[in-house]
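Student: Quick one: the structure is below, and I'll ask about it shortly.
The values are calculated or read from the model by the stated rules, or taken from the named source; none is laboratory data. For clarity, every value in this text was computed on a predicted model and none was experimentally measured. FYI the Cβ positions are ideal-geometry reconstructions off the backbone, even for glycines, and counts take in every protein chain you see.
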Amino acid sequence: MGLKQTIRSLDVFPRTEEHLLQKTQSGALVSVVGLVIMATLFIHELTYYLTTYTVHEMSVDLKRGETLPIHINMTFPSLPCDDAIDLSGKHEVDLDTNIWKLRLNSHGHIIGTKYLSDLVEKQHTTRNHDDKEHHDDSAKKPHKFSFDKDAENMINKVKKALENGEGCRVYGVLDVQRVAGNFHISVHALNIYVAQMIFGGAKHVNVSHMIHDLSFGPKYPGLHNPLDDTVRILRDTSGTFKYYIKGACR
């Protein structure tokens with residue numbers, strides 16, 4: 001018996017006692033709870049591993065000479081594209097623009113496209129406002145303003161567009177220096193007499209607009225800008241809108 005018992009002890013696949021193979025409700029409950037805990041921990045750790053966390057940091061910008069892109073996408077339902085001129089500040093130098101204008105009909109559908117070249121304001125004639133003699137002479141003479149044939153054709157074209165209820169969508173990118181400044185989307189701001197010829201008075205200028213996108217710097221996924229989706233509609237009146245934004249370059 002001693003030898004047989006010794007040989008049986010060398011068995012690497014011992015059988016479980018019969019009373020240990022009995023299934024009970026308490027054992028099943030413990031098994032289910034254990035499986036639920038394991039599955040919960042696995043899902044939690046997998047989610048933690050796959051989740052992307054965004055860390056915001058702000059530091060002093062030590063780079064010089066780099067420009068800041070300004071992304072613009074605006075719609076003017078009551079201003080024709082022939083009259084909406086992009087001006088990025090007539091005192092700006094080394095300015096690079098990539099602006100497009102889309103002509104819209106009265107229903108908001110696109111009927112034409114036009115590209116705005118850099119520094120549109122250079123096309124306008126400048127006057128010497130610092131010449132004292134110029135002011136003295138102009139004060140003694142009656143003010144008479146005449147337009148050449150091209151200007152008259154432009155005025156007639158804009159009037160026709162206004163009668164047809166045309167609008168304009170302005171979009172693109174302005175690359176500006178990282179300093180304080182401003183830009184305008186203006187209605188012939190450099191020549192008030194042209195605007196008077198077209199609209200017949202400031203009260204007839206409808207500057208209703210929709211800002212689809214106005215952002216500064218490179219595009220970032222999920223970033224919402226304060227003026228995005230801003231709508232300002234004027235009905236039977238006129239007005240002026242000014243927006244003040246402070247941006248911190250990073």
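Student: Is one or more of the residues making up the range 205-217 within 30 Å of D61 (Cβ to Cβ), without any contact (Cβ under 8 Å) to a residue 24 or more places away in the chain and either in a loop (DSSP other than H, G, I, E, B) or basic (K, R) (or both)?
Tutor: From the range 205-217, those within 30 Å of D61 (Cβ to Cβ) are 211-217; that's our starting set.
Still in the running and without any contact (Cβ under 8 Å) to a residue 24 or more places away in the chain: none.
So far as the range 205-217 goes, no, none of its residues is within 30 Å of D61 (Cβ to Cβ), without any contact (Cβ under 8 Å) to a residue 24 or more places away in the chain and either in a loop (DSSP other than H, G, I, E, B) or basic (K, R) (or both).
Student: Still on this structure: Quick one: how many residues across the range 80-102 are more than 18 Å from D213 (Cα to Cα), touching a Ser or Thr at 6+ places or on another chain (Cβ under 8 Å) and either modelled with pLDDT of 70 or more or charged (D, E, K, R) (or both)?
Tutor: Result for the range 80-102: 1.
Student: May I pose another question? Within the range 31-67, restricting attention to residues that are of a type in the set (V, I, T) and part of a loop (DSSP other than H, G, I, E, B), which residue is nearest to N98 (Cα to Cα)? Give the steps one after another, and end with the answer.
Tutor: Residues of the range 31-67 of a type in the set (V, I, T): 32-33, 36-37, 40, 43, 47, 51-52, 54-55, 60, 67.
Filter once more, so that each one left must be part of a loop (DSSP other than H, G, I, E, B): 51-52, 54-55, 60.
Values: T51: 37, T52: 34, T54: 31, V55: 32, V60: 29 Å.
Per the criteria, the residue is V60.
Student: Counting only residues that are at pLDDT 85 or above and among the polar types (S, T, N, Q), which one in the range 27-58 is surrounded by the fewest Cβ atoms within 10 Å (Cβ to Cβ)?
Tutor: T52
Residues are listed down the side, and each one gets a yes or a no for (1) within 30 Å of L227 (Cα to Cα); (2) among the hydrophobic types (A, V, I, L, M, F, W, C):
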| site | (1), (2) |
| --- | --- |
| E17 | no, no |
| S26 | no, no |
| V30 | no, yes |
| G34 | no, no |
| T51 | yes, no |
| I72 | yes, yes |
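Student: Pick from the range 207-235 the residues that are among the charged types (D, E, K, R) and within 19 Å of P80 (Cβ to Cβ): which of them is surrounded by the fewest Cβ atoms within 10 Å (Cβ to Cβ)?
Tutor: R235
Student: What are the pairs, 6+ residues apart or on separate chains, where a residue within the range 150-177 that is over 19 Å from T113 (Cβ atoms) and among the acidic types (D, E) has its Cβ under 6 Å from a residue that is crowded, with 16+ Cβ neighbours inside 10 Å and modelled with pLDDT under 80?
Tutor: none
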